[in-house]
Amino acid sequence: MAEKQIDNVMRSMHRKRLGKKLLLTIVIYAIAFLYFFPILYMFLSGFKTEQQAVMPSLLFTPTLSTYKRVLGDPTMYQYLRNSLFQVIVGTGISMLLGIPAAFALVFGHLKHPNSNGKFYLWFITTILLPPVAVLIPLFIWYQQLNLINTPWGLMMAYIGFHTPIVVWMVHSFFSDLPAEIFEAAELDGCTKMQQLTKIAVPLARTGIISAALLVAVFIWNEFFLGFNLTGNPTATLPVYMSRFREQQGMFVAQLSASSTIAVLPAIILGWMTQKALVKGLTMGAVKG
């Protein structure tokens, strides 16, 4: 009799656990669907005509005319090339500047005590600086140097805004590395550059990949600086998408199609590297 009661209690507890897991799973999927629904609706709206897109509906007759119109626009490929150029070169230079800077702040010895912490705090505070706060002096400076409407001028701005992000993230990973490894390497005759390239970078590879991905996504999505510092020949893809809002109204279907094309590279890249990105954000970037 007692064994039967114990079995009933165990089955009841098991059903409760299964019920909680099922409820939690439903809630998680519901939240995920709410977050994903705008992207899904944007993707579907690209297969609508402008008349269909004006009236929100999930039931419609799909058409490829909108995507053909967007993909058939030669100017879009010009904006796309500009964005790819800014992402590849801007991310690369930001990493080349940020990684040695983070290594120097962690393992370097400056002349004055506590200078490392002060410089690191300076890098952190620049991350909080909104671009609109420096737009006017930056615009005046660019005018004097003839950098307006040039890809290199926009790239300089991107490098200046995103190098501190690299320093912030990579600094956290370098701080987790034991200093004894570098002390032993120095005794063996390794220079600081060899310690950086042969020891620090391989050990902090996950954090470096995460920093590069974040910077690439930030540059790819950036609109404010690209809109104000460039013209049509040098503007990026987010600036191109703003053209679909005109005085005659907003071209919702074309905007949805171009937005889908714009977010696909970031989604694919994030999906391919999600393990490294999640590991990097959870292990090192939230420390310090």
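What about Q52, is it over 30 Å from L213 (Cβ atoms) and surrounded by 14 or more Cβ atoms within 10 Å (Cβ to Cβ)?
Criteria met by Q52.
Would the range 175-194 turn up any residue that is aliphatic (A, V, I, L, M) and either under 24 Å from P233 (Cα atoms) or surrounded by 22 or more Cβ atoms within 10 Å (Cβ to Cβ) (or both)?
No, the range 175-194 contains no residue that is aliphatic (A, V, I, L, M) and either under 24 Å from P233 (Cα atoms) or surrounded by 22 or more Cβ atoms within 10 Å (Cβ to Cβ) (or both).
Checking K48 against (1) among the basic types (K, R); (2) touching a Pro at 6+ places or on another chain (Cβ under 8 Å); (3) part of a helix (DSSP H, G or I), which test does it fail?
K48 satisfies all of (1) among the basic types (K, R); (2) touching a Pro at 6+ places or on another chain (Cβ under 8 Å); (3) part of a helix (DSSP H, G or I) except (3).
Which of (1) exposed (fewer than 10 other Cβ atoms within 10 Å of the Cβ); (2) in a helix (DSSP H, G or I); (3) of a type outside the set (A, V, I, L, M, F, W, C) is the odd one out, the single condition T61 does not satisfy?
Just one mismatch for T61, condition (2).
Got a sec? Which of L97, L129, L138 is in a helix (DSSP H, G or I) and under 22 Å from the mean Cα position of the chain (by Cα)?
L97
Which residue is surrounded by the fewest Cβ atoms within 10 Å (Cβ to Cβ), if the candidates are limited to the range 109-140 and must be more than 25 Å from G153 (Cα to Cα) and hydrophobic (A, V, I, L, M, F, W, C)?
Of everything passing the filter in the range 109-140, L121 is surrounded by the fewest Cβ atoms within 10 Å (Cβ to Cβ).
The conditions are (1) modelled with pLDDT under 90; (2) assigned to a helix (DSSP H, G or I); (3) over 28 Å from Q195 (Cα atoms), and E180 fails exactly one of them. Which is it?
(3)
The values are calculated or read from the model by the stated rules, or taken from the named source; none is laboratory data. What you are looking at is a predicted structure, and each value in this text was computed from that prediction instead of being measured. So basically every Cβ, Gly included, is an ideal-geometry build from the backbone, and we count neighbours across all protein chains shown.
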